[in-house]
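A.B. asks: Dropping the structure in here first, questions after.
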């Protein structure tokens, strides 16, 4: 007799019975029979393509689970991250029946060193937070299937006093909801589970600004309300080190092993925090990005599929195979009957100057209007101004975030950006000049300023001067340190005229700007490692490539350096006699380059600066339709006047919104 399969089926029967007892007013005998048959006798879905699996040599899918209960309500449970015992069992059985193989961190390390490769269809099972169900529900299942896994423990929650309660949104948890150290030790002794740090006490929020917003403690500097000041970078570093050190020591004391993996709360981390974790031996850094599989050599950002809503087995299988196929497509393979759909970008560019007001109550009203408008639009991204340009010269004489060189008009960017991200689900890119900074120190400004070619050119710092570069890098570093955002939009001030820096060739000037923005991106990624980049491109550069001499911009090189190129598709600014024909030419020019459409944002204008009047909302929607007809994937517009409600949502939303029901209010 095969005792392993006998024991596994016995466990499955018990677990299925537990799930059955949680279902009210049904025929228990028939339901029990159906559950057993569905779990143990059916492969649940067809076998994966063996060629596909073999093509993903030394790649694995990582999955993130949380609590497991017998009584989870499918799709609508108050705890959206909980999985039922029944569904978890079905998922384990699906993997066993379809050739998927859970692997350990040690197997991944061995494969990365040239040892035994990972099996086909490798899966890393991870369970976050340290719930009591890890011991009572998950560990028995892992033993039944002989599946290795990673348990991520918030060590302060294991040691929490009886009087403490943790608010997790849908309920408040006590010490009874988490494993004890003795249970953790028993699991560790089995050799089946690796214990990772989920930090000691960073799985919470901290005060992030003077307006009262709270944000993830691991990635944002604390704001000390009584002292009206922020934690500085060194204090932030010390706080993270102390926490991770304590977590590592506790896990070592109670399991005999130091953690080699850090699982970041909410999937968010800074590069600084990751480097601290590495210094403590935690080389695996697990996040919640989930677009593809992971290579065995990856350590800095292990992507995991976040299990939510207790999905049925068909959805579970789809989520895993989709990531595998995405990886193959990214590697250039063509798959039968599968096409990776690019994410469509819908962008609005917002002046934070419209939110600002000396009266805090008016700021609240203005912000409320912005949030309501973005939420109703259902868009992907907001390009949010991080500097003040109240004199409309395109330069930054003050900014909306703490920094060392420019006056702070108001500490506003963090609050607005966080509210947009959390209340509307839109990403936020910080829109900031590359060179057009006007320093309050007049002597310093004069010493570092680039002599402008003409009166229409931006007043810019000369980035061939080391001090100018140092100042700009520090401004970007301050922006990144204080704000958990998704990307940067490099302003349209990043150009050189033909008669500027005459000692450089056109190509050298183009590369000077490209390399400097790459440098700023790396500075930003010290705190925001997932940062994406976009840069404004003048339309004439695309329509007339020889005009690179006048702008020091090159579309082909933009595609190589930035995640997106924000093409200034503004026919009235360019005095186009036939806007439709002009936009069509612009789109066709972008199509001529590999990924020219996929990596471009066509940014329309909602205001005619030449005639000083708004563009009619219906006509703007018409331009959006022209772009769609020409196959454009990503587009947006500037500016969005959320105070006056222009452009009108009823006019543009059917063409602009990403919602599947764009006509709803």
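The values are calculated or read from the model by the stated rules, or taken from the named source; none is laboratory data. Worth saying up front: this structure is predicted, and the values here are computed from it rather than measured. Every residue, glycine as well, gets a Cβ built from its backbone with ideal geometry; the counts of neighbours run over all protein chains shown.
A.B. asks: Within the stretch 50-82, take every residue that is closer than 19 Å to residue 331 by Cα and assigned to a loop (DSSP other than H, G, I, E, B) and give me the one that is modelled with the lowest pLDDT.
C.D. replies: For the stretch 50-82, the residue satisfying everything is 56.
A.B. asks: Which of the residues spanning the stretch 455-490 are crowded, with 18+ Cβ neighbours inside 10 Å, out of contact with any strand residue (DSSP E or B) (no Cβ under 9 Å at 6 or more places or on another chain) and at pLDDT 95 or above?
C.D. replies: Across the stretch 455-490, the qualifying residues are 463, 477.
A.B. asks: Quick check on this structure: which one of 613, 557, 591, 599 is at pLDDT 95 or above, in the same structural domain as residue 489 (by TED's automatic domain parsing) and farther than 26 Å from residue 488 by Cα?
C.D. replies: Of the residues listed, the single one that is at pLDDT 95 or above, in the same structural domain as residue 489 (by TED's automatic domain parsing) and farther than 26 Å from residue 488 by Cα is 613.
A.B. asks: Return the residues of the stretch 170-205 that are more than 30 Å from the chain's Cα centre (by Cα) and closer than 26 Å to residue 279 by Cβ; say none if nothing qualifies.
C.D. replies: Once the filter is applied, which keeps residues that are more than 30 Å from the chain's Cα centre (by Cα) and closer than 26 Å to residue 279 by Cβ, the stretch 170-205 yields 181, 184, 188.
A.B. asks: May I pose another question? Condition test on residue 215, is it modelled with pLDDT of 95 or more, outside the structural domain of residue 522 (by TED's automatic domain parsing), crowded, with 20+ Cβ neighbours inside 10 Å and closer than 26 Å to residue 487 by Cα?
C.D. replies: Criteria met by residue 215.
A.B. asks: If a residue has to be out of contact with any helix residue (DSSP H, G or I) (no Cβ under 6 Å at 6 or more places or on another chain) and touching a residue at least 60 places away in the same chain (Cβ under 8 Å) to count, how many in the stretch 61-75 make the cut?
C.D. replies: Selection size over the stretch 61-75: 10.
A.B. asks: Kindly evaluate residue 299 against the criterion of being in a loop (DSSP other than H, G, I, E, B) and in contact with a strand residue (DSSP E or B) (Cβ under 7 Å, 6 or more places away or on another chain).
C.D. replies: Taking the combined requirement at face value, the residue satisfies it.
A.B. asks: Tell me yes or no: at least one residue of the stretch 413-423 is free of Cβ contacts under 8 Å to residues at least 60 places away in the same chain, surrounded by fewer than 21 Cβ atoms within 10 Å (Cβ to Cβ) and touching a helix residue (DSSP H, G or I) at 6+ places or on another chain (Cβ under 9 Å).
C.D. replies: Yes, some residue in the stretch 413-423 is free of Cβ contacts under 8 Å to residues at least 60 places away in the same chain, surrounded by fewer than 21 Cβ atoms within 10 Å (Cβ to Cβ) and touching a helix residue (DSSP H, G or I) at 6+ places or on another chain (Cβ under 9 Å).
A.B. asks: Something else: Can you list residue pairs whose Cβ atoms sit under 7 Å apart, with the first residue in the stretch 293-304 being under 15 Å from residue 113 (Cα atoms) and the second being in a strand (DSSP E or B) and modelled with pLDDT of 95 or more? Count only pairs 6 or more apart in sequence or on different chains.
C.D. replies: As it stands, the answer is 295/59; 299/284; 299/285, since those pairs meet every condition given.
A.B. asks: Filter the stretch 598-646 down to the residues that are touching a residue at least 40 places away in the same chain (Cβ under 8 Å) and farther than 18 Å from residue 564 by Cα and list them by number.
C.D. replies: 606, 615, 623, 626, 630, 639, 640, 641, 642, 643, 645, 646, listed by residue number.
A.B. asks: Here's another thing I want to ask about it. Where residues in the stretch 347-371 are in a helix (DSSP H, G or I) and without any contact (Cβ under 8 Å) to a residue 40 or more places away in the chain, which of them is nearest to residue 456 (Cα to Cα)?
C.D. replies: 353
A.B. asks: Also: Looking at (1) part of a loop (DSSP other than H, G, I, E, B); (2) free of Cβ contacts under 8 Å to residues at least 60 places away in the same chain, which is the only condition residue 401 fails?
C.D. replies: It fails just one condition, (2).
A.B. asks: In the stretch 424-444, what residues are outside any loop (DSSP other than H, G, I, E, B), in contact with a strand residue (DSSP E or B) (Cβ under 8 Å, 6 or more places away or on another chain), free of Cβ contacts under 8 Å to residues at least 60 places away in the same chain and over 19 Å from residue 211 (Cβ atoms)?
C.D. replies: Passing the criteria: 432, 437.
A.B. asks: Given the conditions (1) touching a strand residue (DSSP E or B) at 6+ places or on another chain (Cβ under 6 Å); (2) closer than 24 Å to residue 179 by Cβ, report the number of the one that residue 101 does not fulfil.
C.D. replies: Result: residue 101 passes all but (2).
A quick yes/no check of all residues on (1) on the phi < 0 side of the Ramachandran plot; (2) at pLDDT below 95; (3) in contact with a strand residue (DSSP E or B) (Cβ under 6 Å, 6 or more places away or on another chain); (4) assigned by TED's automatic domain parsing to the domain that holds residue 292:
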{"residue": "87", "(1), (2), (3), (4)": "yes, no, no, yes"}
{"residue": "97", "(1), (2), (3), (4)": "yes, no, no, yes"}
{"residue": "106", "(1), (2), (3), (4)": "yes, no, no, yes"}
{"residue": "112", "(1), (2), (3), (4)": "yes, no, no, yes"}
{"residue": "119", "(1), (2), (3), (4)": "yes, no, yes, yes"}
{"residue": "135", "(1), (2), (3), (4)": "yes, no, no, yes"}
{"residue": "139", "(1), (2), (3), (4)": "yes, no, no, yes"}
{"residue": "143", "(1), (2), (3), (4)": "yes, no, no, yes"}
{"residue": "163", "(1), (2), (3), (4)": "yes, yes, no, yes"}
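A.B. asks: Consider residue 152 carefully, then state whether it is within 19 Å of residue 244 (Cβ to Cβ) and within 29 Å of the chain's Cα centre (by Cα).
C.D. replies: Criteria met by residue 152.
Quick grid of which residues meet (1) modelled with pLDDT of 95 or more; (2) in contact with a helix residue (DSSP H, G or I) (Cβ under 6 Å, 6 or more places away or on another chain); (3) part of a helix (DSSP H, G or I); (4) on the phi < 0 side of the Ramachandran plot:
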residue	(1), (2), (3), (4)
236	yes, no, yes, yes
246	yes, no, yes, yes
252	yes, no, yes, yes
259	yes, yes, no, yes
262	yes, yes, no, yes
282	yes, no, no, yes
325	no, no, yes, yes
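A.B. asks: Quick one: in the stretch 327-354, of everything that is surrounded by 17 or more Cβ atoms within 10 Å (Cβ to Cβ) and under 20 Å from the mean Cα position of the chain (by Cα), which residue is nearest to residue 94 (Cα to Cα)?
C.D. replies: 327
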